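Working notes for the structure below.
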Amino acid sequence: MTKLGQWLCGLALLGSAWAALALAPPGLRLPAPFRQALLPLPLYLLVAFGCYSLAAVGYRLATFNDCEEAAVELQEHISAARTDLRRRGLRF
């Protein structure tokens, strides 16, 4: 199962549980504080997911490995392209 499938299954599970509680089945009486916390729960989860996503992207950026060989090779390609363009008459 892909990561998207896992997230969608978890979202469907949480969404169905929230809908079952928010629609208040006839035999279930939730106290008022629980009902007040239950209604904005999807918004809270959305904010928590956004925080998790920002933290994950920040961590990946902080631990990203530099590729020194690729940087040198790219600089060589850039200098070769500049000399070729100068030879063709383009001025920088």
- Note on the structure: Counting only protein heavy atoms with a 1.4 Å probe and every protein chain in place, the carbon and sulfur fraction of the accessible surface of the chain in whole percent equals 69
- Comparing ALA32, ALA24, ALA71, which has the greatest mean-square fluctuation in the GNM of the chain with Cα pairs linked when under 10 Å apart? ALA71
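What trypsin sites (Lys or Arg not before Pro) in the chain are in a loop by DSSP, with at most 11 other Cβ atoms within 10 Å of the Cβ? Mind dumping the intermediate values first?
On the way: sites: LYS3, ARG29, ARG35, ARG60, ARG82, ARG86, ARG87, ARG88, ARG91; in loops: ARG29, ARG88, ARG91.
In loop regions of the chain (DSSP not H, G, I, E or B), the sparsely surrounded trypsin sites (Lys or Arg not before Pro) are ARG29, ARG88, ARG91.
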- Task: Leaving out ligands and nucleic acids, note down the accessible area per residue over the chain with a 1.4 angstrom probe, in whole Å².
- Result: 91
- Message: Test of the criteria: in the stretch 19-71, which chymotrypsin sites (Phe, Trp or Tyr not before Pro) are in a DSSP loop and have at most 12 other Cβ atoms within 10 angstrom of their Cβ?
- Response: PHE64
- Item | Convex hull of the stretch 1-66 built on C-alpha atoms - directionally averaged projected area, nm² | 6.3
- Item | Where labels lie 7 Å past Cα in the beta-carbon direction, separation of TRP7 and LEU74 in nm | 2.6
- Item | Gain on full stretching of the segment that runs from LEU85 to LEU38 - 0.36 nm per residue minus C-alpha separation | 10.5 nm
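The values are calculated or read from the model by the stated rules, or taken from the named source; none is laboratory data. Keep in mind that what you see is a predicted model, and the values were worked out from it rather than measured. Backbone-built Cβ (ideal geometry, glycine too); neighbour counts: all protein chains shown. With ligands, DNA and RNA removed, areas are computed over all heavy atoms of the protein, side chains included. Shrake-Rupley method; radii C 1.70, N 1.55, O 1.52, S 1.80 Å.
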